[in-house]
Amino acid sequence: MSIAATQNHAAATTPAGTCYKVLMWEEGALSPAELDAWQTARRDLLARMRDAGIKGARGTLARLGAELRELSARAIAAPLDTCARASLSLTRVGALAAKLQRADEVLAYRLTPCSATVLVELSGEEGIDTLVSRWSAESGEVQWCSNPLVEAISPAEAAEWQEACRSEAAGAAADTDADEESSATPFHHVTVLRSEAVEALQPAEGRVLVDATLGGGGHSELMLQSGATVWGIDQDPAARKAARKRLAGYADRLHIVAGNFRNAVELLRAEGLEQVDGILADIGISSPQVDQAERGFSFLAEGPLDMRMNPAAPRSAADIVNTAAESELADILWQYGEERASRAIARRIVQERAKAPITTTTQLAAVIAGVLPRKGKQHPATRSFQALRIAVNDELGALDALLETGLSLLKSGGRFAIITFHSLEDRAVKRYFDRVTRPEIDRPEWPAPRPNPEYAARLVTRKPIVASEAELAANPRARSAKLRVIEKL
Ligand SMILES: C[S@@+](CC[C@H](N)C(=O)[O-])C[C@H]1O[C@@H](n2cnc3c(N)ncnc32)[C@H](O)[C@@H]1O
């Protein structure tokens, strides 16, 4: 369901103890037959899990647990989605929202007009069953189902879900704000490897594709022109707004999702989408993010030292520059910028910020230029700015999370295409693709190669696809772009 039809909330508290995800739905949202089929399959899986638990078969237990989660999400998503589309009023569950927002044990929730998914962390005497019965009893006119789905989850999973709710809530608010702006800045981004990347996903009518980095919608537009349905994710409200405007003619097949692609599985599952035919990620920043001085990405234009792609993210570049320890700063500059003068720059930053906080892009650029003399054409702050941007947006962490989860979203034969712009990203993609496309693995101490348990895909591109001469002549930014593609077996 669209963001407009949901209501999310995430508290600031970070989960530490036992957490539960509780899915309640309004009586009648599922037909008796749907409910019965789901409950029977669920009972069967639970019985098999009990057997596996008794035998101590942890691998089987984990597999069955994943099956159970998938079964529940599949069984419930479609009917709830239909129900949510049918009724766009949130007032009936709004009363519950007000109550949940005040409850100490509630870490986050996602409400639709006929369902509530609530993340709780138990602290007091009250057990999860008592708590859920109490909510049901207290929620006034809403008649909740008598058998909600309760799932125990780890603090890490809980934190991830909480973060997804938080960014959706921020995204929805930012979308509204952005829509209300009368003088929108034009969004101009030249799409890189446009036809190469889209053709790799074999777009066609009836195929469902995910554009994990919607940006200005350049790749999505080509996918939509082929007749495919597109789910476009972006964490930047300005990009979502620009894409929505550009692709308005395809509104029936384009679904725009606010959030970080590191949570793609979670975000799409919340929309009722389990498996797709292709995923594209065009990693990195868009031209408008760099070109607009107020976003704080550019050392050439005076602006606040920000660099957040998602303006609601908690940590800006100024926060890092003014609070991180000298050693952490040096590590960031070295690891993400391969800046050889990382230590000297970090030392100078710490000296300067002791006199006054470093709050603007040009102020930081001047501090760096004071350490490094200008050599050749490149500005001395280039590598440090790249490093800070990667750290602020945890770009490599997000890419790793997408790589680790992307294949699970794909149908058999589905394609996974990634465009990267620097060696750190390309290395991560190459390593991961290599890991999952080798049928066998070998080690010197083994007498013979063994089957690779991670083998799940085949390489579509042995060598990365790069921009043609014609594209390079028109768009020099494409010179470092590399496209790699795999296909799920
Ligand atoms: C290079 S641009 C994509 C341009 C797009 N392919 C086009 O043709 O217009 C990258 C976009 O991905 C978004 N982005 C980068 N990392 C992201 C992440 N981890 N989650 C969600 N969006 C992300 C950025 O905000 C930016 O809009």
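Annotations
- Cα-centre dipole for the range 352-418 with unit charges at Cβ (Lys and Arg positive, Asp and Glu negative), debye to 20: 400
- Once backbone amide H atoms are built at 1.01 Å from N, R207 has T229 as its partners under 5 Å, excluding neighbours fewer than 5 places away on the same chain.
- One Cα centroid belongs to the range 238-253, the other to the range 303-374; the line between them spans 35 Å.
- Accessible heavy-atom area order of W25, W334, highest first, probe of 1.4 Å: W334, W25
- Relative contact order (percent, whole number), the range 314-382, Cα cutoff 8 Å, 6+ residue spacing: 27
- Potential lengthening between A312 and E445 on full extension [0.36 nm per residue; Cα-Cα distance subtracted]: 42.9 nm
- For R63, the accessible area of its heavy atoms, probed at 1.4 Å with every protein chain present, is near 130 square angstrom.
- Positive end of the dipole of the range 198-267 (Cβ unit charges, origin at the Cα centre): among A238, V208, F261, the Cα lying farthest that way belongs to A238.
- Peptides ranked, highest mean first, by Cβ atoms within 10 Å: ranges 368-375, 356-363, 231-238: 231-238, 356-363, 368-375
- Within the assembled protein chains, the solvent-accessible surface assigned to R134 is about 80 Å², based on a 1.4 Å probe.
- Within the same chain, lysines fewer than 8 places from K430 are excluded, and of the rest, those with a Cα less than 27 Å from its Cα are K411, K463, K482, K488.
- The three principal axes of the C-alpha atoms in the range 182-241 carry coordinate ranges of 37, 20, 18 Å, sorted with the longest axis first.
- Rounded, prolate or oblate (a/c below 1.5 giving rounded, otherwise prolate when a/b exceeds b/c) for the range 314-382 by Cα gyration tensor: prolate
- Under 19 Å from the Cα of K245 - lysines, other chains or at least 8 residues apart: none
- Computed accessible area, L409, all protein chains, 1.4 angstrom probe, square angstrom: 10
The values are calculated or read from the model by the stated rules, or taken from the named source; none is laboratory data. Note that the structure is predicted; figures quoted are calculated from it, not measured. Glycine also receives a Cβ, built like all others from the backbone with ideal geometry; neighbour counts cover every protein chain displayed. Accessible surface areas use protein heavy atoms only, side chains included; no ligands, DNA or RNA. Shrake-Rupley method; radii C 1.70, N 1.55, O 1.52, S 1.80 Å.
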